[in-house]
Amino acid sequence: MIQYGVRMREAGSTIKVAGLACALALGLNGCRHKTVVPPLPPIAQPVDIVVAPPEAKPPMVEATPVKLPPPPVASAASKPKRTPRRTTKPATPAAPPPVQVASTDPTAPSPEQTAIGALSSGGDSNPKAQQDAAELIASIEKRLAALPAQKADAEKAQISKIRNFQRQAQEALASGDAEGAKTLATKAKLLLDDLEK
C-alpha cells in the first residue's frame, strides 16, 4: 500500500508537469486564428469625379524701386596698399678738425699710436670690402625681420644692441669706412647668432 501511495503522488506530479508544459506551449505560440476583415459595403450608385477649376493667375504687382547702398568690394579691402618706406641717410655733422697739442716729451707716443680700435680713415677701402660689408648688414636686417614676434618681445634689450651695431655699421659704410662697417656688422651678427640659439 505504501507503494501505491508513492506511485499516485508521482503520477499526480507528472500530470501537473505535463499540464504546465501544455499551457506554456499554447501561451508562447499564441492563437492561430486568422483575423477576419469585414468586407466593404458595395457602392450603390456611381459617383462623378469632381475636377477642381484651374487657378486664375493673380495679377502681377510691380515692386517699388528701393535705393540700396553700393555693394562692398572685397578685393579692395583684402590687400591694403603699402606705401614704400623712404629711408633718408642721416646727415653726418662735419667734425671739427682735431686739435693737436705738441707734447713736451719727445719719447711720448703719437696720438695715432695710442688710439686702440680706432676706425680707419676709409679712403683706402676697396669696392670688394664695401660690398661684403653691405651684404653682411643686409643679411642681419633679413634675419632680424624673420625673428618670431614672441622672441623679439622677450629679447628686446639684445635686439636693441644688435640694431645699434647695425646702425653704426651702416653709418661707417656711408662714410666710406668699409673695414669699420664690416667689424661692427660682424659684432651684430655674433649677437644675433647668440640670440637665435
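Tabulated values for the structure
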read-out: Subset of segment 117-143 that is surrounded by fewer than 17 Cβ atoms within 10 Å (Cβ to Cβ) and among the hydroxyl-bearing types (Ser, Thr, Tyr) - its residue that is modelled with the highest pLDDT; value: SER139
read-out: PRO38 part of a loop (DSSP other than H, G, I, E, B), modelled with pLDDT of 65 or more and within 47 Å of the chain's Cα centre (by Cα); value: no
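The values are calculated or read from the model by the stated rules, or taken from the named source; none is laboratory data. Predicted model only: the values in this text are computed from it and were never measured. Cβ atoms come from the backbone with ideal geometry, glycine included; neighbour counts cover every protein chain shown.
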